[in-house]
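Engineer: Just passing along the structure, written as structure tokens.
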Amino acid sequence: AFVGKEFVDRGASAKSADRPQLQAMLEYVRENAERIDYVIVHKVDRLARNRGDDAEIMKVLRECGVQLVSTSESIDETPSGMLLHGIMSSIAEFYSQNLATEVKKGMGEKIKGGGTVGRAPLGYMNIRTVNEKGREERTVIVDEERAPLIKMAFEEYASGEWTIKSLTEYLAACGLNTRSTAKLPSKPIPFQTLGKILSNPYYKGIVTYKGVEYDGSHEALVDDITWDKVQTVMVSRING
């Protein structure tokens, strides 16, 4: 017998298993120990990315009398097999931590250079282009449909004549909606979202990383004077 197809479909064997997937697999093994002989993986590092998870997995498997089998590594219950397993587990943890460090480093360098990491806020769009050398470049452009309404939101709120809720309703009537995704359709923004928009320095051309502000390479939708007026109005209306 083997751990069911449902865990493979969820991607637990495609890369490091997420904590909920890992716990679900171990619970499955506990509940079906009498009919499971092996847990088969392509490589040990596809099951656990750190020694802690590896130790937890092996503890449960041994308690249930289940053997871990790697299709590409010679691990077994012999002393040499257990030694190799431990070495592979340590290598997987090193790789995972080193990769995370490099990713954070790359993100920091991109932001310090004015780039945008992740999905651009409402009013902008992420696009991918290919340069003359054939390399893919990811940039941010203005969303021509929503950017004018975002600008209007700042200008109107700066007047001091609107509350967040009333302005949200007005913007919805003007057609300001969220961007649709594969799972969620486009819909009017809630007033909490408008509050976050009005306090996000990205709209005045600033990107923030670890509390430090940098000049962004994207086009600003609001000038500094209007931005300051909006912040002043927002602060004056904080209760409590």
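Engineer: Note down the nm distance, to one decimal, between modelled labels 7 Å out along Cα→Cβ at H42 and at D228.
Structural biologist: The answer from the label model is 5.7 nm.
Engineer: Net charge around K165, counting only other residues with Cβ within less than 15 Å of its Cβ (Lys, Arg = +1; Asp, Glu = -1)?
Structural biologist: Numbers: positive: K196, R237; negative: E156, E161, E169.
Here the charged neighbours net out to -1.
Engineer: Let me ask something else. Just to check I understand the Karplus step: with θ = phi - 60° and J = 6.51 cos²θ - 1.76 cosθ + 1.60, what whole-Hz values come out for segment 135-140, glycine and proline as x?
Structural biologist: For segment 135-140, the Karplus curve yields 8, 7, 10, 10, 9, 10 Hz.
Engineer: Now a separate question. Jot down the per residue volume, in cubic angstrom and as a whole number, of the convex hull over the alpha-carbon atoms of the chain. It would help to have the intermediate numbers written out before the result.
Structural biologist: Working: hull volume 49.7 nm³, N = 240.
Once divided by residue count, the hull of the chain is 207 Å³.
Engineer: Rounded to the nearest 0.05, what FRET efficiency is calculated for Y214 and I127 with R0 set to 22 Å and r the Cβ-Cβ distance?
Structural biologist: Working: r = 21 Å, r/R0 = 0.95.
The calculated FRET efficiency here is 0.55.
Engineer: Using the Cα centre of the chain as origin and beta-carbon charges of +1 (Lys, Arg) and -1 (Asp, Glu), tell me which of A92, V41, A158 is placed farthest towards the positive end of the dipole.
Structural biologist: Projecting each Cα onto the dipole axis, the largest value belongs to A158.
Engineer: Add -39500 (n - 2.57) for each DSSP H run of 4 or more in the chain, then divide by its residues: what number comes out at 222 nm, to the nearest 500 deg cm²/dmol?
Structural biologist: -14500 deg cm²/dmol
Engineer: Also: Whose amide H sits under 5 Å from the amide H of Y124, counting only residues 5 or more places off or on another chain, with H placed in the peptide plane?
Structural biologist: D143
Engineer: Considering the dipole of segment 111-153 built from charges on the beta carbon (Lys and Arg +1, Asp and Glu -1) around the Cα centre, which of P148, M125, I111 is farthest to its positive end?
Structural biologist: I111
Engineer: Could you give the C-alpha radius of gyration of segment 141-240 expressed as a fraction of 2.2 N^0.38 Å, taking N as the number of residues it contains? The partial results should precede the final answer.
Structural biologist: On the way: Rg = 13.9 Å, N = 100, 2.2 N^0.38 = 12.7 Å.
Ratio of Cα Rg to 2.2 N^0.38 Å: 1.10.
Engineer: Send over a whole-number figure in Å² for the accessible area per residue of segment 114-240, probe 1.4 Å. Please list the in-between numbers first.
Structural biologist: Numbers: 7850 Å² over 127 residues.
Accessible surface, normalised per residue, equals 62 Å².
Engineer: Can you give me the % of accessible surface on the chain that is carbon or sulfur? Probe 1.4 Å, all protein chains present, nothing else counted.
Structural biologist: Numbers: 7880 of 14700 Å².
Carbon and sulfur: 54 percent of the exposed surface of the chain.
Engineer: Enumerate by residue number the trypsin sites (Lys or Arg not before Pro) in segment 55-123 meeting two conditions: DSSP loop (anything except H, G, I, E, B), and at most 16 other Cβ atoms within 10 Å of the site's Cβ.
Structural biologist: R119
Engineer: I would also like to ask the following. Give me a comma-separated list of calculated 3J(HN,Hα) values for segment 64-74, in order, Karplus coefficients 6.51, -1.76, 1.60 applied at θ = phi - 60°, integers in Hz, x for any Gly or Pro.
Structural biologist: Per-residue couplings from phi come out as 8, x, 9, 9, 8, 10, 9, 6, 10, 10, 8 Hz.
Engineer: With label points built 7 Å along Cα→Cβ from the Cα atoms of T163 and E34, find their separation and express it in nm.
Structural biologist: In this crude label model, T163 to E34 measures out at 6.4 nm.
Engineer: May I pose another question? How large is the dipole of the chain about the Cα centre if only Lys and Arg carry +1 and Asp and Glu carry -1, each at its Cβ, rounded to the nearest 20 debye?
Structural biologist: Working: 32 positive and 34 negative charges, 35 e Å.
That gives the chain a dipole magnitude of about 160 debye.
The values are calculated or read from the model by the stated rules, or taken from the named source; none is laboratory data. Remember, it's a predicted structure, so these values are computed and weren't measured experimentally. Ideal geometry is used to build each Cβ from the backbone, glycine not excepted, and the neighbour counts take in all protein chains shown. Heads up: the accessible areas ignore ligands, DNA and RNA and are worked out on the full protein's heavy atoms, side chains in. Shrake-Rupley method; radii C 1.70, N 1.55, O 1.52, S 1.80 Å.
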